[in-house]
Amino acid sequence: MSHILSLIKKELRELLTPATILPIVIVALLFASLGGLTGGAVEDAVTAKPNIAIVNMDDGNFSQIYYEVIDELNATVVYNGSEQADIDHALAAMKSQGAMATLVIGPDYSSTIESGGRANITIYWNMVGTGMFSSMSTMPVEMLVGTVAANTTEVLIRSGMPEENPQNITSPVQYESTTFLGEKELVGVGPAEVSAFLQGQSFMMPLLIMIVIVMLGGIIISSMGQEKENKTLETLLTLPVSRTTIVSGKLIGSALVGLLFAGVYMLGMNYYMEGLMSMAQDMELAELKLGIAETAIVGLMVALAILCALGLCMILGAFAKNYKAAQSLTIPISFLAVIPFFVVMFTDFVNLPLMAQAILFIIPFTHPMMAMNNMLMGNYELVYYGIVYLVAFTLATVAITVRLYKSDILLTGLGTTISGGPLGRFLRKR
């Protein structure tokens, strides 16, 4: 029995290491945070008061129900017009004041309902972001229009309207949508369709970037750990070659691997986007396709992000004493890739608090993940700042790598446990 317990303890010591425990804890905390963020976003969307502009060109009784519901829901009206020419002013007010939508009621609205027909209105949606939570901002307006339709149905039933078209009584109001996304005007498309389409690309791109970075980090750091464990690095350092040359060779070789990954990634994304756009032709969403210049910018940022990951991997790999120790050093790279992936998928950078923006901006992998959405929203300044930061980050990591490879840490590594690391040595001296 004692032998079994000893074997169990041995396996537990070998399996329950920081390399196995930390990823589970980090993922659990990440999902817990996302759960709270999702719940808070949904609650805010449900409880938010409608904030709209309205142009009512109808002088009948049924259009007055909108104002009754506006008062009932304590909605904010940023502009109130009554003529066709007021539509442009209403849209300008909607954009400048950040209103959710503009409702346009035609002159035959009430007469259509009174004759037993189904009235039409036009809703211009103001979509302020590309994340999953962005479409939730339309919920208060949809609730307002739904309440108007329900109240209209009640009035029709009480007035004993003819029942030739009962479906027009139960659904007396329908609307046509036009969505504004940044500077783009998408006619005939609602926020839900736009959000669903954007999720197809804003989910796949960060996901593939995350996969490439995590794979590259694991390969580079593990290879360096194997070099130390197999003593091939010591043999290399005994050759009449400067360490700067050795570092340069490793960086260039690893960079070529990273660029190969980026090329394969961009090729796959090109086929993916072509298929996505072919499905979007009938939805008037092809306008959201990036041009050649924008695609090139995204490709450049992906390559720079891979170089940043390479620099971090070379730095972390210098501290690995062996292959097993190298496995735990891949955790920071994976963690830095996972955080922006989930944040970009659910929300937008510009809608985050200032502190969260600062943290995400520091993480280099954030910039290529949000580049496409920023260009769709017209936030080119963030894209250009991101490129400058990625270049500076790459140069900094290369400089640090050169200094590390000229030090003794390259051979001795850094202990990854308390007993074997600097803290353990300090405690033993005490």
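Things to note:
- Of the listed requirements (1) buried (at least 21 other Cβ atoms within 10 Å of the Cβ); (2) modelled with pLDDT of 80 or more; (3) in a helix (DSSP H, G or I), Ala326 misses just one: (2).
- Only one entry in Met375, Met369, Met314, Met301 is at pLDDT 75 or above, buried (at least 16 other Cβ atoms within 10 Å of the Cβ) and touching a Lys or Arg at 6+ places or on another chain (Cβ under 9 Å), namely Met314.
- All conditions but one from (1) at pLDDT 70 or above; (2) surrounded by 19 or more Cβ atoms within 10 Å (Cβ to Cβ) apply to Met269; the one that does not is (1).
- Among the residues of the stretch 62-108, just one is part of a loop (DSSP other than H, G, I, E, B), more than 25 Å from Pro172 (Cα to Cα) and over 30 Å from the mean Cα position of the chain (by Cα), namely Ala85.
- Hits in the stretch 160-173 - residues which are touching a helix residue (DSSP H, G or I) at 6+ places or on another chain (Cβ under 9 Å) and modelled with pLDDT of 70 or more: Asn168, Ile169, Thr170, Ser171, Pro172, Val173
- Matching option when the condition is over 17 Å from Thr130 (Cα atoms) and either without any contact (Cβ under 8 Å) to a residue 24 or more places away in the chain or not assigned by TED's automatic domain parsing to the domain that holds Leu310 (or both), among Pro364, Pro332, Pro353: Pro332
- Taken across the stretch 106-115, residues that are within 23 Å of Ala192 (Cβ to Cβ) and either aliphatic (A, V, I, L, M) or touching a helix residue (DSSP H, G or I) at 6+ places or on another chain (Cβ under 6 Å) (or both) do not occur at all.
- Yes/no for Gln97 being closer than 29 Å to Thr347 by Cα and either surrounded by fewer than 21 Cβ atoms within 10 Å (Cβ to Cβ) or in the same structural domain as Met369 (by TED's automatic domain parsing) (or both): yes
The values are calculated or read from the model by the stated rules, or taken from the named source; none is laboratory data. Fair warning: this is a prediction, and the values are worked out from it, not measured in the lab. Heads up, the Cβs are rebuilt from the backbone with ideal geometry, glycines too, and the neighbour counts pull from every protein chain shown.
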